[in-house]
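Coordinate-derived values only; no laboratory data. Quick caveat, the model's predicted, so the values are computed rather than measured. Here the Cβ is made from the backbone with ideal geometry for all residues, glycine too, and neighbour counts use every protein chain on show.
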Amino acid sequence: MQLDLARTLYATPPTGVILVSTIDKDQRNNIAPFAWWIVVSKEPPLIALSIKPATNTYRIIKSSGEYVIGLPEPKLLDTVYASAKLDKEPDEFGKLGLQALPASRIKPPRIKECQVNIECRYHDEIACGDHMLVIGEVLAVDVREDILSDDDSTLRANLKPLGHLTKNKFLTMQGNILEASEPGAGKE
Ligand SMILES: Cc1cc2nc3c(=O)[nH]c(=O)nc-3n(C[C@H](O)[C@H](O)[C@H](O)COP(=O)(O)O)c2cc1C
């Protein structure tokens, strides 16, 4: 059955929401949630975010060139949702009950409550319809101790992403590890 094209997004799997932390020229912290994002290069590590140009986040990234991507877990649901409604508050960390930690390479703070914080520097952007695809170079990645693992598959499986369905509806995304058999394995 053909779906109305305006619903294209809802025929694709949800992505884990991030909180983007920035600092504007008046030294105000800004935090906002984004769901449209993806790693687009391994070497150098680059991450693309699809951001509406009218947002404070986009404007600040364009002027400061620096931002932190934090990965919140499902228990931060209400905080994540509330962060979308803030507009130029003098203290968005305080308002949201989040704790700011210094980043290692850039000025905007990390978010203590996030499982992972990724420090990024603006690299490039591409106009994409009603959004801008903002590409950032990863400068540092901080992973909370309880998530950390030497094994990459375990590290990823330890993450508890908060998937976004639509409006104020979210879903948990942590699942079981499945291991595929190598093609031809077991045959003579
Ligand atoms: C769960 C969730 C995911 C969102 N994802 C995006 C996104 O990927 N891109 C975008 O431009 N806006 C997204 N938004 C909307 C922005 O968060 C919203 O415009 C916010 O007010 C921007 O804040 P700012 O002006 O402080 O940057 C999302 C909102 C929510 C609640």
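Using a Förster distance of 25 angstrom, determine the FRET efficiency expected from the C-beta separation of LEU5 and ALA127, and round it to 0.05.
0.80
Mind checking which lysines have their C-alpha under 19 Å from LYS95, skipping anything on the same chain fewer than 8 residues away?
Qualifying lysines at Cα under 19 Å: LYS75, LYS85, LYS112.
I need the trypsin sites (Lys or Arg not before Pro) found in the stretch 127-188, filtered to DSSP loop residues with at most 16 other beta carbons within 10 Å of theirs. Could the numbers behind the result be given before it?
On the way: sites: ARG144, ARG156, LYS167, LYS169, LYS187; in loops: ARG144, LYS167, LYS187.
Qualifying residues, ordered by number: ARG144, LYS167, LYS187.
Classify the stretch 52-117 as rounded, prolate or oblate from the Cα gyration tensor: take a ≥ b ≥ c as the square roots of its eigenvalues, call it rounded if a/c is under 1.5, otherwise prolate when a/b beats b/c and oblate if not.
Oblate.
Sum -39500 (n - 2.57) across every DSSP H segment of at least 4 residues in the chain, then divide by the residue count to get the 222 nm mean residue ellipticity, nearest 500.
The per-residue figure over the chain is -3500 deg cm²/dmol.
Please report, in debye to the nearest 20, how large the charge dipole of the chain is about its Cα centre when each Lys and Arg carries +1 at its beta carbon and each Asp and Glu carries -1 there. The partial results should precede the final answer.
Numbers: 22 positive and 26 negative charges, 143 e Å.
Charge dipole of the chain: 680 debye, to the nearest 20.
Counting other beta carbons within 10 Å of each Cβ, put ILE38, ILE106, ILE177 in order, fewest first.
Going from least to most buried by this count: ILE177, ILE38, ILE106.
By the gyration tensor of its Cα atoms, with a ≥ b ≥ c the square roots of the eigenvalues, what is the shape of the stretch 16-172: rounded for a/c under 1.5, prolate for a/b over b/c, or oblate?
Taking the square roots of the gyration eigenvalues as a ≥ b ≥ c, the stretch 16-172 is rounded.
Provide ARG110, ARG7 in ascending order of the number of other Cβ atoms located within 10 Å of each residue's Cβ, fewest first.
Values: ARG110 23, ARG7 9.
In order of increasing Cβ crowding within 10 Å: ARG7, ARG110.
Based on other C-beta atoms within 10 Å, arrange LYS88, LYS160 from fewest to most. Show your work: numbers first, answer last.
Values: LYS88 10, LYS160 17.
Going from sparsest to densest Cβ surroundings: LYS88, LYS160.
To the nearest 0.05, what FRET efficiency results for LYS25 and ASN158 with a Förster distance of 35 Å applied to their C-beta separation?
Efficiency computed from Cβ-Cβ geometry: 0.40.
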